[in-house]
Amino acid sequence: MNFYVMTLFPDMINNAMSESITGRAIKSGYINVNAVNIRDFADNKHNRVDDYPYGGGAGMVMQAEPVYMCYKHICEKIQSTKPLHVVYLTPQGKTFNQKMAAEYAHEENLIFLCGHYEGIDERVIEEIVTDFVSIGDYVLTGGELPALVMMDTISRLVPGVLNNCISAYTESFSENLLEYPQYTRPENWRGKSVPPILLSGHHKKLAEWYREQSVIRTALFRPDLLKKAELTEKEKELVDKVVRHGEQI
Ligand code: ADE
């Protein structure tokens, strides 16, 4: 998986991606991160890439040409015959979720466009962007953090990135259920014991417990997700009970 990020702040991208699991994935060659500085494509001696908005108003707008030249440079590097996804990070986009991450994880190359200031000249957006993506209903100062959120989420779905290959799929949001609670040593921590089932070694019962805990958590914290989850009749009864009795269950 090759990520290309058009940005005015390449250090933000490189620094964050070089840590932890994504850092290891880069070193092992499972993912590649290329942060390309839009400023390198400025056509003036002051390296300016923004200007005043036509019509007036507060703030500056990123100019079309440096963004376009940056995009062309990346296309030349990729030399793909397949159509490329160019993702523009914007609060106006479709809200990012796990399903979208799983779809993007199949791509060989992904290009992100990070805006700053009050935005980017609409004409270059029309020309190069294929996907508009938001990470939530709030406004950030730029597209770098959203691009990092997307790359992190997508990376861990790329085969080989997580050493435990099942874990990417047994956790929150797979099957529209939240993940069950986890425990580690000591067995008794400040008077709180680990649920006995976890010490039983009974694999079938354990799997049932995990599933039940996922259903209970989802009913408590994200009941909206349950509309899309496939539940047995017994699990639906459990959901009703949780909704009626809250945390008492
Ligand atoms: N740029 C600024 N805010 C954003 C958001 N919430 N999602 C994606 N890109 C953004």
Open item on the list: Considering only protein heavy atoms and a probe of 1.4 Å, how much of the accessible area of the chain is carbon and sulfur, as a whole percent?
Closed with: 50
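Can you give the FRET efficiency to the nearest 0.05 for His46 and Phe221, using r as the Cβ-Cβ distance and R₀ = 30 Å?
Numbers: r = 51 Å, r/R0 = 1.70.
With a Förster radius of 30 Å, E is 0.05.
Please give the FRET efficiency for Glu65 paired with Val139, using the beta carbon to beta carbon distance and R0 = 30 Å, rounded to the nearest 0.05. Write out the running numbers ahead of the final one.
Values: r = 26 Å, r/R0 = 0.86.
Here the calculated transfer efficiency is 0.70.
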- [ ] With 10 Å bins from zero, work out the P(r) of the stretch 72-153 over every alpha carbon pair and list the percent per bin.
- [x] 17, 52, 29, 2
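Less than 15 Å Cβ to Cβ from Lys227, Lys/Arg counted +1 and Asp/Glu -1: what total charge do the surrounding residues give?
-1
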TODO: May I ask you to derive the relative contact order of the chain, considering only C-alpha pairs under 8 Å and at least 6 residues apart, and to give it as an integer percent?
DONE: 18
Open item on the list: In whole Å, what are the extents of the stretch 170-248 along the principal axes defined by its C-alpha atoms, from largest to smallest?
Closed with: 37, 25, 21
- [ ] Just list whichever of Lys27/Lys205; Lys205/Lys227; Lys205/Lys241; Lys204/Lys227; Lys204/Lys241; Lys99/Lys236 have alpha carbons separated by over 29 Å in the model shown.
- [x] Lys27/Lys205
Open item on the list: Just to be sure I understand the model, the point goes 7 Å from the Cα along the line to the Cβ. What's the resulting Leu198 to Asn2 distance in nm?
Closed with: 4.4
Task: Debye log10 I(q)/I(0) at q = 0.09, 0.12, 0.16 Å⁻¹ for the chain, Cα point scatterers - done: -0.54, -0.82, -1.15
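Going by average Cβ density within 10 Å per residue, which order do the peptides 225-231, 198-204, 186-192, 35-41 take, highest to lowest?
On the way: 225-231: 13.3, 198-204: 10.6, 186-192: 8.7, 35-41: 19.1.
The densest-packed peptide leads the list: 35-41, 225-231, 198-204, 186-192.
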Task: Efficiency of FRET from Cβ geometry, Cys75 and Glu233, R₀ 51 Å, rounded to 0.05 - done: 0.45
Open item on the list: Regarding the stretch 1-97, what's the average projected area of the Cα-atom convex hull, expressed in nm²?
Closed with: 8.7
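Residues of the chain: accessible area per residue at 1.4 Å, in Å²? Each step should come with its number before you reach the end.
On the way: 15520 Å² over 249 residues.
With all protein chains present, the chain gives 62 Å² per residue.
Please sort 178-184, 154-160, 48-54 by packing, taking for each peptide the average over its residues of neighbouring beta carbons within 10 angstrom, highest first.
Values: 178-184: 13.0, 154-160: 17.0, 48-54: 14.7.
Answer by packing, highest mean first, reads 154-160, 48-54, 178-184.
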- [ ] Describe numerically, in nm with one decimal, the distance between label points set 7 Å from Cα along Cα→Cβ at Glu103 and at Glu19.
- [x] 3.0
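The values are calculated or read from the model by the stated rules, or taken from the named source; none is laboratory data. None of these values were measured; they are calculated from a predicted model. Cβ: placed from backbone, ideal geometry, glycine included. Neighbour counts: every protein chain shown. Areas reflect the complete protein model, heavy atoms only, side chains present, ligands, DNA and RNA absent. Shrake-Rupley method; radii C 1.70, N 1.55, O 1.52, S 1.80 Å.
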